[in-house]
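The values are calculated or read from the model by the stated rules, or taken from the named source; none is laboratory data. As the structure is a computational prediction, the values presented were derived from the model and not from experiment. With ideal geometry, Cβ positions are generated from the backbone for all residues, glycine too; neighbour counts draw on all protein chains shown. Remember, those area values only see protein heavy atoms, side chains included, never the ligands or the DNA or RNA. Shrake-Rupley method; radii C 1.70, N 1.55, O 1.52, S 1.80 Å.
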Amino acid sequence: TPEWSAFLTRLYMLGVKVTPWIRFLETRLDRVDVESFDLLHLAYTPSQIYYSKLKRAIDVAAVILLAPLAAPLCLLVAAYVRAVDGGPVFFRQRRCGFGDSTFEMVKFRTMVVEAGDAPARENDDRVVPALRFLRQFRLDELPQLLNILRGEMSWIGPRPVALPIARTLEGMFPQYSYRHLVRPGLTGWAQVSHGYASTTQEEAEKLAYDLYYVKQLSFDIDLLILMKTVQIILLRTGVR
């Protein structure tokens, strides 16, 4: 209002630091306010633009560097899944990716064959008990190194969501499509900050973290996510 504009002008002239309420919430909660979030809020600095271009080279280099270790480990995990539960070794699902494209994400199967497409939840009873540790240590995600190599995914970014779920959430939250402005990742800010989502409210909360990541894209936040992920996997502390 004109009254508030005049009041804020006086504060600026007096040297008082004024922070918009939404920005204040972001700095306190490390997430955005989904309802008020707009594409205009994304104003990347030159360093963010350079990093977004460099990130793809880092992804590929990391996959190549880890390939000698990951390849034999994949063979061991595949043999273990087949020996323990029989049936398919891999779980394949169409998911929504960068620029609203679609791709086939591949994981080692840890759930029963008839698990369906419903999103995973904490202490999911569809998980085969002898294969639960593969999920705990993220070994089931190893095949996604191929998705990274093909450019469909990154090491770090919003987790890719199954197509039916993504379309439903897009209908509920117009801002949902903004998370596709970056490549989906093996781990992300929502994963280390929130965890599983089984309700609409929880999905909205995860979206708030994903959009915060899209807005704050940088080497610093990627490094923080990487450290938090290692902490969760190895030390079993923090969000699971």
Loop sites only, by DSSP: take the GluC sites (Glu not before Pro) in the chain that have at most 15 other C-beta atoms within 10 Å and name the longest stretch containing none of them. 123-240
Prolate/oblate/rounded label for segment 124-196 (Cα gyration tensor, a/c 1.5): oblate
Rel. contact order, % - alpha carbon contacts under 8 angstrom, at least six apart, segment 69-190: 28 percent
Work out which helices of the chain, taken as complete DSSP H runs, extend at least 20 Å along their axis over the Cα atoms and score a mean Kyte-Doolittle of 0.0 or more, then list them. 46-85, 219-235
Whole number in Å², please: accessible area per residue of the chain, 1.4 Å probe, ligands, DNA and RNA not counted. 57 Å²
The set of residues whose placed amide H lies less than 5 Å from the amide H of Gly97, leaving out same-chain residues fewer than 5 positions away, is Thr102, Phe103
Loop trypsin sites (Lys or Arg not before Pro), segment 1-105 (other Cβ atoms within 10 Å of the site Cβ: 12 or fewer; DSSP): Lys17
Per DSSP H run of n ≥ 4, the term is -39500 (n - 2.57); total these for the chain, divide by its residue number, and report the mean residue ellipticity at 222 nm rounded to 500 deg cm²/dmol. -16000 deg cm²/dmol
Would you pull out the residues with amide H under 5 Å of Val106's amide H, same chain only if 5 or more places away, H placed 1.01 Å from N? none
Per the 1.4 Å probe, what fraction of the accessible area of the chain, in percent, lies on carbon and sulfur atoms? 63 percent
Going by amide H atoms built from the backbone, whose H comes under 5 Å of the H on Ser154, apart from near neighbours? Gly185, Leu186
Mind checking the log10 I(q)/I(0) for segment 48-134 at q = 0.11, 0.14 Å⁻¹? Debye, one equal scatterer per Cα, no solvent, two decimals. -0.45, -0.70
Find, to one decimal place in angstroms, the Kirkwood hydrodynamic radius of the chain, where the mean of 1/r is taken over every pair of different Cα atoms and then inverted. 19.6 Å
